[in-house]
Amino acid sequence: MNQDLSTSFGGAYVTIARYSELSGMEINTIKSYVKQGLLPVRSKKIAGKKSLVLINNAQLVAEALNKDNLTVTL
C-alpha cells in the first residue's frame, strides 16, 4: 500500500544557524560535527569573504525516511 507523506524540513540547504533552529542543536556542536564530517555540507564561495557552509538538510531527511524503508521522491 502506498501512502503519501508531506513534510516541511526548512529547505534543501540551510545555514548552520538555521540548522541549529531546526534541530535544536548548539551552533558549536554543529560546527564540530561539520569539521568531523558527520553532517553533509556544501560550501558556497562568496567573493571577498569566507565560504558559507550550508548543511544538506534534504539529504539528512531522505536518509531518515529511507531508514524506515519509505520511498523518497524529491
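The values are calculated or read from the model by the stated rules, or taken from the named source; none is laboratory data. Values in this document were obtained by computation on a predicted structure and should not be read as measured data. All Cβ positions, glycine included, derive from the backbone under ideal geometry; neighbour counts span all protein chains shown.
Against the conditions (1) touching a Ser or Thr at 6+ places or on another chain (Cβ under 8 Å); (2) at pLDDT 90 or above, THR15 satisfies every one except (1).
Pairing each residue of region 48-64 that is closer than 16 Å to ILE30 by Cα and in a helix (DSSP H, G or I) with any residue that is at pLDDT 90 or above and among the basic types (Lys, Arg), provided the two are 6+ apart or on different chains, yields C-beta distances under 9 Å for ASN57/ARG18.
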